[in-house]
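*Asks:* Let me give you the structure first, and then I'll get to my questions.
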Amino acid sequence: MVKENEPCGGLEWRMNMPDGSSKVLEPECISESRYCRALKGLFARFVSTIWGFIRKAWNLGAAEPKKVMHCLKVGMALSLVSLFYYMRPLYDGVGGNAMWAIMTVVVVFEYTVGATLCKCVNRAIGTFLAGALGLGVHWIACQSGEKFEPIILQVSVFLLAAAATFSRFIPSIKARFDYGAMIFILTFSLVSVSGYRVEKLFELAHQRLSTIAIGASICILTSMLFCPVWAGSQLHNLIKNNMEKLADSLDGCVADYFKNDTEKAQDSNKVMLGYKCVLNSKATEESLANFARWEPTHGGFNFGHPWKEYLKIGASLRSCAYFIEALNASINSDQTAPDFLKDHFSKFCIKLSSDASAVMKELAVVISTMTKSSKIDLMIEEMNSAVQQLQDAMKSLSKQPIASSVTGIATIVEIVPLVTASSLLIEIVARTENIAKAVNGLAEKAEFRVESDTKTKESQNQKVITEEHKGDKKTMMTLEK
């Protein structure tokens, strides 16, 4: 290898000057070697970037194979609709507007069946209404003479486009027909403007409507027949998973308060991940609920399934998540309660959080199995009993003998963080009851099936045993007093 400070090939080139002196010439191989190394480095970085992208794409596909299947379905739909362009008999049937079928597939094929149906129906209705109105306005304009024809067309475009645009601001229309209103504006404008120069306007409108119907039909069939992804099932699983995450987050948040700093650092990410997923899911829930209304019967969901009830459950979950976020902030604040008070309150707080998370997990089971739970009322009673115990413990802080009976005496400033955390925990329990009411509303309207008689009898026997145990406990406390 030739070094930069050595002559190329071990030879030194000199040029004799007229004055008798000589000049050493720089070999060109030095600069060429620098360019080669730069090109090799650039190529290596390019290959590394491409390989990193391929690896990320592979990991995404392995983690979510449904997305890979969606890509294949889109390719299949485009291949099928392209036959109308390649095959002469099909091309002659739809004319030169076969490209509209391809455009329809590109713009309306969505990930879920509900989203695809929503866009297809919106596009079909918007195109049909706009085409019919466009032909009607064109006929009226033609009857008015050449002088008033462009004026009538311009005024109609202005009025209908302005009215359709305003309708997109109405919440009920924006939620379900926003895409249809946009297609209406586009189609009506094209029909009205092109009608002034095109003679066979009715034939043109008929061909475009036919090609759009062909493209939409292919999208619907491909989406529903090949590995369908239902928006209703996605929403159902999202609510169930959010409820489980919130329960785990509550357990981790309270347990985090009574652990040492090392264990606290290990569990903090899991705690934050749980309630933050719930807080950030509102837009996804509303979108899935809107698309689920368009879907036909599938699985355990009928056409009139009460999807709005899922939004109520999601709102209740977010209300609870806000208090868990406040509890997490209070726990991680600089002010901390004395260890002897934390030890005294740990059993009450952990018991209460455990009962509340158990209720959430049981409600998640109710949603997952679409079966009414016979033990949820008992679990809520136990949760309220734990609330009463924690409130009694908080009242004991105001009594001096209780405070001095342990290993130390706490000041008011030291007590405040513990009281704040306990109060937030009690509010979380109240929000958990609201979640239970929302789930019960869904169970009633969706007509969830009831548990088997055997499970119901076991739950009733467990309730009787628990009530007897509570009665014995109260009797023993009375005797001790």
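The values are calculated or read from the model by the stated rules, or taken from the named source; none is laboratory data. A quick note: this is a predicted structure, and the numbers were derived from the prediction, not measured. Cβ atoms come from the backbone with ideal geometry, glycine included; neighbour counts cover every protein chain shown. Please note that ligands, DNA and RNA were not included when accessible areas were found on the heavy atoms of the full protein model with its side chains. Shrake-Rupley method; radii C 1.70, N 1.55, O 1.52, S 1.80 Å.
*Asks:* Show me the helices (runs of 4 or more DSSP H) entirely contained within the range 386-481 in which 2 or more residues are closer than 30 Å to residue 330 by Cβ and at pLDDT below 65. Give the steps one after another, and end with the answer.
*Replies:* Numbers: elements: 400-404, 412-445, 453-480.
Filter on the range 386-481 gives 400-404.
*Asks:* For the range 104-152, give me the residue count where each residue is at pLDDT below 85 and of a type in the set (D, E, K, R).
*Replies:* Within the range 104-152, residues that are at pLDDT below 85 and of a type in the set (D, E, K, R) number 3.
*Asks:* So, of the residues in the range 200-254 that are buried (at least 20 other Cβ atoms within 10 Å of the Cβ) and either free of Cβ contacts under 8 Å to residues at least 40 places away in the same chain or among the aromatic types (Phe, Trp, Tyr) (or both), which turns out to be farthest from residue 282 (Cα to Cα)?
*Replies:* 252
*Asks:* Another one. Here are the criteria: (1) surrounded by fewer than 20 Cβ atoms within 10 Å (Cβ to Cβ); (2) touching a Cys at 6+ places or on another chain (Cβ under 8 Å). Tell me which single one residue 257 does not satisfy.
*Replies:* Exception for residue 257: condition (1).
*Asks:* If you take the residues in the range 350-365 that are of a type in the set (A, V, I, L, M) and within 18 Å of residue 321 (Cβ to Cβ), which one is surrounded by the fewest Cβ atoms within 10 Å (Cβ to Cβ)?
*Replies:* To start, the set of residues in the range 350-365 that are of a type in the set (A, V, I, L, M) comprises 350, 352, 356, 358-360, 363-365.
Checking the rest, the ones that are also within 18 Å of residue 321 (Cβ to Cβ) come to 352, 356, 358-360, 363-364.
Working: 352: 26, 356: 30, 358: 17, 359: 24, 360: 26, 363: 28, 364: 20.
Residue satisfying both the conditions and the ranking: 358.
*Asks:* Specify which of the listed residues (173, 185, 152) is in a helix (DSSP H, G or I), free of Cβ contacts under 8 Å to residues at least 12 places away in the same chain and among the β-branched types (Val, Ile, Thr). Spell out the reasoning first.
*Replies:* Details: 185 fails: free of Cβ contacts under 8 Å to residues at least 12 places away in the same chain; 152 fails: free of Cβ contacts under 8 Å to residues at least 12 places away in the same chain.
After applying the criteria, what remains is 173.
*Asks:* Among the residues of the range 317-333 satisfying the criterion of being open to solvent by 20 Å² or more (accessible area, probe 1.4 Å) and part of a helix (DSSP H, G or I), which is farthest from residue 279 (Cα to Cα)?
*Replies:* Taking the range 317-333 and keeping what is open to solvent by 20 Å² or more (accessible area, probe 1.4 Å), we get 318-319, 322-323, 325-326, 329-330, 332-333.
When the remaining residues are screened for being part of a helix (DSSP H, G or I), the result is 318-319, 322-323, 325-326, 329-330.
Values: 318: 5, 319: 9, 322: 8, 323: 11, 325: 10, 326: 13, 329: 15, 330: 18 Å.
It comes out as 330.
*Asks:* Does residue 368 qualify as being polar (S, T, N, Q), in contact with a helix residue (DSSP H, G or I) (Cβ under 9 Å, 6 or more places away or on another chain), open to solvent by 20 Å² or more (accessible area, probe 1.4 Å) and under 18 Å from residue 248 (Cα atoms)?
*Replies:* Working: polar (S, T, N, Q): yes; in contact with a helix residue (DSSP H, G or I) (Cβ under 9 Å, 6 or more places away or on another chain): yes; open to solvent by 20 Å² or more (accessible area, probe 1.4 Å): yes; under 18 Å from residue 248 (Cα atoms): yes.
Answer is yes for this residue.
*Asks:* Name the residue, out of 144, 156, 82, that is within 20 Å of residue 226 (Cα to Cα), open to solvent by less than 70 Å² (accessible area, probe 1.4 Å) and among the small types (Gly, Ala, Ser). Spell out how you get there, then give the answer.
*Replies:* Details: 144 fails: within 20 Å of residue 226 (Cα to Cα); 156 fails: within 20 Å of residue 226 (Cα to Cα).
Just one listed residue meets the conditions, 82.
*Asks:* With 161, 130 as the choices, which residue is within 41 Å of the chain's Cα centre (by Cα) and touching a residue at least 40 places away in the same chain (Cβ under 8 Å)? Break it down stepwise before answering.
*Replies:* Values: 161 fails: touching a residue at least 40 places away in the same chain (Cβ under 8 Å).
Among 161, 130, only 130 is within 41 Å of the chain's Cα centre (by Cα) and touching a residue at least 40 places away in the same chain (Cβ under 8 Å).
*Asks:* With respect to residue 63, is the statement that it is of a type in the set (A, V, I, L, M, F, W, C), modelled with pLDDT under 85 and under 30 Å from residue 106 (Cα atoms) true? Even if it seems obvious, please write down each step before you answer.
*Replies:* Working: of a type in the set (A, V, I, L, M, F, W, C): yes; modelled with pLDDT under 85: yes; under 30 Å from residue 106 (Cα atoms): yes.
Considered against the rule, which asks whether it is of a type in the set (A, V, I, L, M, F, W, C), modelled with pLDDT under 85 and under 30 Å from residue 106 (Cα atoms), residue 63 comes out as yes.
*Asks:* Across the range 302-316, what is the total count of residues that are open to solvent by 10 Å² or more (accessible area, probe 1.4 Å) and in a helix (DSSP H, G or I)?
*Replies:* 6
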